[in-house]
Each structure stands twice: as C-alpha cells, then as structure tokens.
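Below: one structure, written as structure tokens.
The values are calculated or read from the model by the stated rules, or taken from the named source; none is laboratory data. Computed from a prediction, not measured in an experiment: that's the story for all the values here. So basically every Cβ, Gly included, is an ideal-geometry build from the backbone, and we count neighbours across all protein chains shown. Ligands, DNA and RNA are stripped out before the accessible areas are found, and what is left, the full protein with its side chains, is counted by its heavy atoms. Shrake-Rupley method; radii C 1.70, N 1.55, O 1.52, S 1.80 Å.
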Amino acid sequence: MSRLTDLIAQAKAKDAQMGADLEREFRALSSRLPFGLNFERHRPEAVELPLRPIRRGDKVRVLPERGSNKKGDQRLWLVRKIGKGGNRKVANLELPDAAQPQVQTVALDDLIVVAEFKDTIYPGLLSTGKVERGGDKPYHTVINGENYHVLKALTYTHRGRVDAIYIDPPYNTGAKDWKYNNDYVEGEDLYRHSKWLAMMERRLLIARQLLNPADSVLIVTIDEKEYLRLGMLLQQTFPDASMQMISNLINSKGTGRANEFRRVDEYIYFLWFGAAKLGRLSNTTSAALQPDDSPEADEPDEDVGQQGEDGENKEAEIGIGLDWQTFRRRDLASRRGTKKGGPRQFYPIYVNLETGHIEAVGDPLPHDMPRTNAPERKGCVAVFPIRKDGTEMNWSAIGSTFTKRWKDGYARAGRATPDQPQKYIIQYLKAGPIKDIEEGRATVTGRNPDGSVIAEYPEALVKTPTTQWAFKSHNAEHYGTGVLTSLIPNRTFPFPKSLYAVEDSLRIFIAEKPQAVVLDFFSGSGTTAHAVMRLNRQDGGRRQCISVTNNEVAANEQDGLRKKALRPGDADWEQHGICDYITKPRVAAAITGMTPDGAPIKGEYKFTDEFPMLEGFAENAEFFTLTYETPVAVSHHMAFARIAPLLWLRAGSRGRRIEKVPAAGWEVVEAYGLLTQLDRATPFLKSVRKTNDLRVAYIVTDDERRFQALAQRLPQGVEAVRLYESYLTNFAFANGNDA
C-alpha cells in the first residue's frame, strides 16, 4: 500500500489529473469490503446538457448531423475560443490529453455541453411556470434536471431537513429503461448490474445527507432483477437504519415473460431513522390531524370527539380510529362566490340552541344574498361556514348530500362557538369511514341522542401493517395507468405506480407530520407529488413534495424525432420529454382538475378519500429547470435571478420570492429576508423583527466579523446565512467524490 501511495505521488507530480484519477481508483479498491457487496464504480457518469449555453472552457460533444440516427462523436472536446464564422457562431475545440494535438472548429449549434460527475457545479433554478390554488400553503416543486446534480443543489437548501424520500428507480430489466454515460444499458451488458449499483450509490449517498437523521424514512421500490443487490447496497449505505422489505401485489393477472413465472408483485424497501415510528396503513384507522399554523389550528382537537348526552365532547366514545372531519371547506379557493365553490354549497344548517343538535338544513343562498337574510327557525341558530376572520367559505357538499349523511347518523353538530362567526362546529364522516361501516369493517355500537353513530374498528384493523400487501387499490393498471390517462389523456408513460400505493406507503410514516417535506428524485410521472396532495386534503396538512426528473424523450420516440431532423435542445424535441410532457402536466392537472386541453377531468378518486377529480386540490406548485452558473457570476450578483429560487426553497418554498437584487439594499418577504448593503442593516433588522414566521436572513458580505455581529441581532429562531460564501463553499468540491 505504501509503495502504491508513493507511485501515485510521483504520478501527481508529472500529471496532476492522471494522479488524481489514479488516487480515486485506488481509494475505491482499498475501500472494498472483505465480504458484502463489491462492485465496479466505473468511470464517473456524464450527462449531456442540451439547454445549457456553451461557454469557453466547457467540455462538449459534437452532435451527429440532423436527420441521422448515428451515435455521433462521443469524445469530449474542450472549448478554447468562441467567435464568428460567417453568419453563425463557432467554437474552436481542442481534444484534451491527446497524444497528438487535435483541433477543429465547429458551429455552436452542432455542440452540446457535457458535465462529468467529477466536475464542480454551481446550480441555479429557472422558473418555467406555476399553479396556485392553495393560498398561503408551501409550494410543491418540480425540477427538470439531472437528478444527481439536483440532489447536489438540495444539499444547500434541504440538508438534514427531508422527512421522507420515496423513489422508484429504473429496475434495470435490460430494456431501454435507463442510460449510463449517455448510452442505454442493454440486457447483454456484462457490467449492467455494477453500472446500476454505481448509479444508485452516488445518489443514495447524497440522499443520506438530505434525510433528517432524527426522524425520517427512505422508501425504495424494485422488482426481482435487482432487489438482492439493492438490499445489500441499502444496508451498506445506511447501516444505522431500521430496514424491512415488503411484497406488494400490483397486478393479479401478472406480467408474462418468456420461460419465467408471471410477475404479479414488486418489492418495497422501508428504511427508517432515529425516532421514526410505523403508523397505520389506511387513513380510516388514523386520527385526523390539523397543521399547527393552519387557519383552523386554534380549534381544539376535541372538535373531532363524539358528543355525549351532556353536550360535551367525549373522544373515547368514538371507538378506535373513526375519523370525524370538519365540514367547512378549508381552502380559500373554495370560499363563497368563487367558481370552485359553486352556488349550492352555501346554506344554513339549523342547530337547536337548547339541545345542540341539528334540526334542519336550509336552501342554498345565492351569492349576492347576505347570510343575514336567510330564513329564521324558532329556537335555532343558522350556522354558515365562516372562518374566524369572517371569510365566508362553503360547506364540503351540497345540501342534499349533507342531509342524507345527517339522517343516516354520519353528520352532527360539534361544540358551540358562540364567540365566533360560525356558531357551531359542523362535523361529518367522509366516504371511507362510511364505507367501512356499511361493509362491516367498522361496527356501530350505538347512537348518540342526536342520532349520530358511535362506531369502532376491530382491534385487528389497527395493528401494524404486514409484509404482504394485496390491496385492490394498489393495482398499477387501474390506479396507475388509469389515473394518469384521466389526468392527461392520450399521453403515455410506462408503468406508473398506483396513486394509492404511494399514498399508503407515505401515510405509514408521515400521517402525523402535517408539514413533512417529501422528496422523489426519480419522479417520472409525478405520482409522489399527487399522493402528498391527497394526504394533505385528508387532514388539512401542509406537506410539500420536491419532484426531480429529467426531460429525456422516450427511447421509442427518439428515432421518429431524429428522422424529422430534430435533436436534443430543439423546442419540438424538448416538448416530448418526460418532465414537460408528463410530470408537469400531471401535477398541474391534479391541482386544477382540468386536463392539459382545458377539459374537466373525468372520473373520481376512490378508497380512502372519494371525490370527483375535477375538484382538484387546494395546493400550489412551481416548475423549475436546473441551470449551471459560474462562481464569478454568482459572487457578483450576475446570477441572482437563478440563485433566488434556491434561497426561497431553503426558506420553506412559501410566500413571495425576492426575484432581483433589491434597489433599497434590503428586502423582507414572508419567509425570509435579504440584506445586500450592510449600511442598510437597521431598517432591515427592524422589518425582520416585525415579520412573523421568518425563517432565514441572507446577508451578503465578505466580512465574517460584520456578518457575525448582524447574526447576533436577529430574532431567536431566524437562521443567518452568509452570501455568497455559504453557497460557494457548499458546492466547491468535486461531484465525483461521493463514490
């Protein structure tokens, strides 16, 4: 070993790059285990960046001629100079490390930038659109970029702050389902498995930095092709985790393969860390939660309790897990008078002042009629869906639907709130618990004086989930492909996960975390973000999902596009990529309830929470593309527009964003503040102290002493971050050092 170290040192003295490469390989070999999973790390991965502008010093490939299906020149050339050649820009290229000098001049349009994973990157984000229906809720984000580089970017914004990671990586079946160094890995590739492991290890090592070590979960799906190797890799990468694998039935008919058993299931690895605990599988066996900072957070938890004979709430009488929900809509997009609210969901519910029981349901009021003009009922108070600030909302269902539930014992008046605009809390059971009662999974043990049911679940239904899942809701054909087809008709994506399978997997660990941060860095069709939105709707949560995918065009579509003389980077090519064609439209459709063509989505959500898809979700989402900046541009404010989203993400992805360097020298928004001129510190600090729930204060300075002095003057709980030192330091290391 010592002799090898000396030889590497000699190599470094003669050729620094060669010495560094030899040292990297030596470390990989010396780190091999005497037992366990050993595999080739291979040369660092490389990724083509078709939308990245070409700069001097870049590594590039020369693209094949338009219309050609040939692979093209795979060598990496170095851009020495950019100039003009006739009517277009050209680059002077040099082949590095060649035995004989090789140079050529190529039009910029015929070049594509390549980033190797040993290269240092300085990431930024460019917004490409947003959907806003969630009021002040945090934003879900969809990031188009190479997931390894996006994970690196997230080490600046979310290090140690992610509560759950759910990933569905390529299964490495031998089909054209994933690329390594710009080549599809074919089934006959002798290094197929080690390439896949090297790809996974690099990403899992960064994921480990993002997970909250005190309480978080990593969920990975896989099939039989790689589950053994993946299990060992997970054990080696996360030795401190509790880990189990479960089998999940995804298609009872099975997938046929030549001379093989038909595959009906797949596997899910769960790794949980720190104080993370297993919860229940179904929401019908989970108590309803309310986020601490929601508009309804100051309504006591006993609102979900059962009303006894004396009019007081008694939670213990409900039985195990029966989930009574507040009947008033929570999202501001559903307030009275809005298109989403509709004219039939604002009506009086008459509650008897003596008994506290519902006595009648009135007719809906037109939008232009004041609620004070509603008919009166003797001995009763007319209860309308009114927030504490006086905002008129809507009930969660039309009057006839509510009346039926009330008559059946599935709706009731909760506690009186005489000092509030809404004089009683109105509660109801959603479709899931009702179905459990009607199908015998929950037993009605009696009724309260107001006629509302007292029911309970058998003890067997609330135990920890088993390792064998065989649920109708997890069928990938009906509730993966079928759901996706409803949302974005006539667009196909191979093997999307069942929405409800992802929802159930996450619920086990984040049901009691209404503000959880969830990450999916193999997001594909966007099922994880969709599942997080459903969980939020079920309990009023403010969870947010970060979805990461590239914009690669499916292998079976590339030949046709190339025949049309298109290639990566062209607008007509990029519009068919996964992110732009599937992920973003799916997330937008789920929120708005409208297809990409503007038609209402047909169909209904099923199982735990049943409602029409066209209702959408009270959520916000923004879409980004990863950019690659230079440290000089960053430190001189020239890249601020692309760095700004990272600052916003680090502050929680909520509220307004500071999009440009403030002319006043400082600016403060809901979640964070930015100080660019230290002589403006006094008004900046004054504004910071007045802003509730401020999370981060970014201070631009090269003077560490002045930064520390300002940091000490910030309110408790506000994180002080020095720009751009913290950003540059975070990324100032080679990306290939992780493996």
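For residue 264 and residue 23 in the same chain, what is the full-extension length gain: residue separation times 0.36 nm, less their Cα-Cα distance, in nm?
Computed gain between residue 264 and residue 23 is 82.2 nm.
By the compact-protein rule of thumb, 2.2 N^0.38 Å, the alpha-carbon radius of gyration of the range 347-472 corresponds to a ratio of 1.28.
Taken as Cα centroids, the range 664-729 and the range 52-102 sit 43 Å apart, rounded to the nearest whole angstrom.
When the pairs 130/563; 89/564; 497/563; 404/602 are compared against a 27 Å limit on Cα-Cα distance, 130/563; 497/563 fall above it. Placing +1 on the Cβ of every Lys and Arg and -1 on the Cβ of every Asp and Glu, with no other charges, gives the chain a dipole of roughly 1840 debye about its Cα centre.
Rolling a 1.4 angstrom probe over the chain with all protein chains present gives an accessible area of which 50% lies on carbon and sulfur atoms. Between residue 75 and residue 656, the C-beta separation translates, for a Förster distance of 30 Å, into a calculated FRET efficiency of about 0.05. Just the number, please: Stokes-Einstein D of the chain in µm²/s, Kirkwood Rh from C-alpha pairs, 25 °C, 0.890 mPa s. Diffusion coefficient, whole number: 86 µm²/s. Quick check: the angle from helix 640-650's long axis to the longest principal axis of the chain, C-alpha only, nearest 10 degrees? So the helix axis and the longest Cα principal axis differ by about 50 degrees.
Using the alpha-carbon atoms, what tilt in degrees (0 to 90, nearest 10) does helix 527-539 show relative to the longest principal axis of the chain? That helix lies at roughly 30 degrees to the long axis.
Solvent-accessible surface of the chain, taken per residue with a 1.4 Å probe and all protein chains present: 45 Å².
Electrostatic tally near residue 656: other residues with Cβ closer than 11 Å to its Cβ, Lys and Arg +1, Asp and Glu -1, net -2. Estimated purely from DSSP H runs of n ≥ 4, each contributing -39500 (n - 2.57), the mean residue ellipticity at 222 nm for the chain is -7000 deg cm²/dmol once divided by its residues. Just so you know, the averaged projected area of the alpha carbon convex hull for the range 71-121 sits at 4.7 nm².
Once divided by 2.2 N^0.38 Å, the Cα radius of gyration of the range 567-623 becomes 1.35. Using the average count of surrounding beta-carbon atoms within 10 Å as a protection proxy, the listed peptides 516-528, 133-145 rank, highest first, as 516-528, 133-145. Peptide packing: for 242-252, 328-338, the average count of neighbouring Cβ atoms within 10 Å per residue gives the ranking 328-338, 242-252, highest mean first.
Using C-alpha positions alone, give me the convex hull volume of the range 568-707 per residue in cubic angstrom.
Enclosed volume per residue, from the Cα hull, is 174 Å³.
A protection proxy built from the mean count of other Cβ atoms within 10 Å ranks the segments 66-77, 146-157, most packed first, as 146-157, 66-77.
Annotation: amide H-H contacts under 5 Å for residue 550 (H modelled 1.01 Å from N, sequence separation of 5 or more, or interchain): 145.
The residue list 64, 529, 214 was ranked by how far each Cα lies along the charge dipole of the chain toward its positive end, using unit charges on Cβ atoms, and 64 comes out on top.
Using the alpha-carbon atoms, what tilt in degrees (0 to 90, nearest 10) does helix 499-510 show relative to the longest principal axis of the chain? For 499-510 against the chain, the angle is about 80 degrees. With both residues required to sit in the chain, DSSP beta bridges show an antiparallel share near 70%.
Local charge for residue 123 was computed over the other residues whose Cβ lies under 15 Å away, with Lys and Arg +1 and Asp and Glu -1, and equals +2.
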